[in-house]
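Written out below as structure tokens is the structure these notes cover.
The values are calculated or read from the model by the stated rules, or taken from the named source; none is laboratory data. None of the values given here were measured: they were computed from a predicted structure. Reconstructed Cβ throughout: ideal geometry from the backbone, glycine too, with neighbour counts over all protein chains shown. The protein model used for the area step is the full one, side chains on, heavy atoms only, and it has no ligands, DNA or RNA in it. Shrake-Rupley method; radii C 1.70, N 1.55, O 1.52, S 1.80 Å.
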Amino acid sequence: MALLEILLADDPILRQKSKKVRQIDSSIQRLMDDMLETMHDAHGVGLAAPQVGQLLRVIVIHLPEQEPLALVNPEVVKREGQRVVEEGCLSIPGWRGEVTRSVTVTVKALNRHGKQIRIKAAEDLLAQALEHEIDHLDGVLYIDHLTRPDKLWKIPPREEEGSPEEPEPALVG
Ligand code: CO
């Protein structure tokens, strides 16, 4: 596995639309593994392939105390309700914003073995992460969903490893 470089928000690649994956071969599985490693290293809970310079419809999500998810060609098939949440992105380090997201999100996708799966999430970090990462595949960033243009603020730099700290507030990735 390898750590990949995470592109920052001023990179035009992040505003492009990613292509569907036609075949889940070993290069795609390797990409998923590298994305998970890169995401863990950066302390995020999600990462989308365009963030590492690959314009492919692949995302990974790993929430605390859950199994990691690696999804190919994920698609939101249903969303309901609206809620206001705090959000961050590994491509916009040092910032948080207040955004509008759906309450429930249903996603269909292929897993790393090419099996069709369906995920329903309600009012939780998974629902938020699914919308955030799938947005990346269409060139959309969370700052496009701010509740107001001024609802974006700087956060202090991360404390050193091992020091006591608050849990990351909904840093998505
Ligand atoms: Co992001």
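Think of a 1.4 Å ball rolled over the protein heavy atoms: the chain then has 54 Å² of accessible area per residue. Using the alpha-carbon positions of the chain, Rg (one decimal) and Dmax (whole number) come out as 15.2, 45 Å.
Relative to its residue count, the range 61-133 spans a Cα convex hull of 92 Å³ per residue.
Per atom type, the range 23-139 shows carbon and sulfur on 45% of its accessible surface, probed at 1.4 Å. Mean residue ellipticity at 222 nm, helices only, the chain: -5500 deg cm²/dmol; runs of at least 4 DSSP H residues each add -39,500 (n - 2.57), and the sum is divided by the number of residues.
In terms of the mean number of neighbouring beta-carbon atoms within 10 Å, the peptides 64-74, 28-38 order highest first as 28-38, 64-74. Residue ranges 53-59, 107-113 sort as 53-59, 107-113 when ordered by packing (mean number of other C-beta atoms within 10 Å per residue, highest first). Taking amide H positions as modeled 1.01 Å from N, with prolines and chain starts lacking one, the residues under 5 Å from Arg112 and 5 or more places away or on another chain are Ala70.
Of the peptides 4-13, 130-139, 97-106, the ranking by mean beta-carbon count within 10 Å, highest at the top, reads 130-139, 97-106, 4-13.
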